[in-house]
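Worksheet for the structure shown next.
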Amino acid sequence: MADCLFCSIIAGTTPAQIVLDTPDVVGFLDIRPVFKGHTLIVPRAHVPTMVEMTDEVIVPLFGAARSVADAVRTAFGAQGSFVAVNNVVSQSVPHLHVHVVPRTKGDGLRGFFWPRTKYADETEASEYAGKLRAALAD
């Protein structure tokens, strides 16, 4: 897509620190990392969100995310990683991408993405679960 930042990185017309380049996906450093080494994994094909992702994209995309999640431990001495995908809300570039953020216990990341809440009781939780089950059944 001509006006997509990530498509231009994939095409090589916008510079980026490429860390992974395969026939199906490209991984590059986020220019505004949560922690240094924060990597974005994107499919080469322009896919706006996870909802539009085809089955053919799933394995290479998440396989690459798994590889990068493993590699950040070796490369940066991280104890683990945070792996996330935004869909529309908080998705600054409308091209599907997986964030892989190196993590170490005590790194200070708390409440970064969302506040936590509770269900009022089991009845309310059951109602929410039922609505989701019904939507999945459609």
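Readers should treat all values here as calculations from the given coordinates under stated rules, not as data from a laboratory. Computed from a prediction, not measured in an experiment: that's the story for all the values here. Every residue, glycine as well, gets a Cβ built from its backbone with ideal geometry; the counts of neighbours run over all protein chains shown.
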Checklist entry - Along the Cα-to-C-beta direction of Val59, a point sits 7 Å from the Cα; which residues of segment 18-39 have their amide N less than 15 Å from that point? => result 23-25
Next on the checklist: Binning at 5 angstrom from zero up to the longest distance, how are the C-alpha pair distances of segment 1-101 distributed in percent?
Outcome noted: 2, 14, 25, 27, 20, 9, 2, 0
Next on the checklist: For the chain, take the longest principal axis of its alpha carbons; what is the angle in degrees between that and the long axis of helix 122-137, to the nearest 10 within 0 to 90?
Outcome noted: 50 degrees
Checklist outcome for this item: In degrees rounded to 10, the 0-90 angle between helix 55-76 Cα long axis and the longest Cα principal axis of the chain is 70 degrees
Checklist entry - Just going by the charge dipole of the chain, with Lys and Arg at +1 and Asp and Glu at -1 on Cβ, which of Asn86, Ser67, Thr54 is farthest out on the positive end? => result Ser67
Checklist entry - So what is the relative contact order for segment 30-119, in percent, with contacts set as C-alpha pairs under 8 Å and at least six apart? => result 36 percent
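About the Cα centre, and with charges only on the beta carbon of Lys, Arg (+1) and Asp, Glu (-1), how big is the dipole of the chain? Nearest 20 debye, please. Walk me through the intermediate numbers first.
Working: 12 positive and 14 negative charges, 133 e Å.
The calculated dipole for the chain is roughly 640 debye.
Which of the chymotrypsin sites (Phe, Trp or Tyr not before Pro) found in segment 35-122 are loop residues per DSSP with 11 or fewer other Cβ atoms within 10 Å of their Cβ? Spell out each step's value before the answer.
Values: sites: Phe35, Phe62, Phe76, Phe82, Phe112, Phe113, Tyr119; in loops: Phe35, Phe112, Phe113, Tyr119.
Taking segment 35-122 and a limit of 11 other Cβ atoms within 10 Å, the loop chymotrypsin sites (Phe, Trp or Tyr not before Pro) found are Phe112, Phe113.
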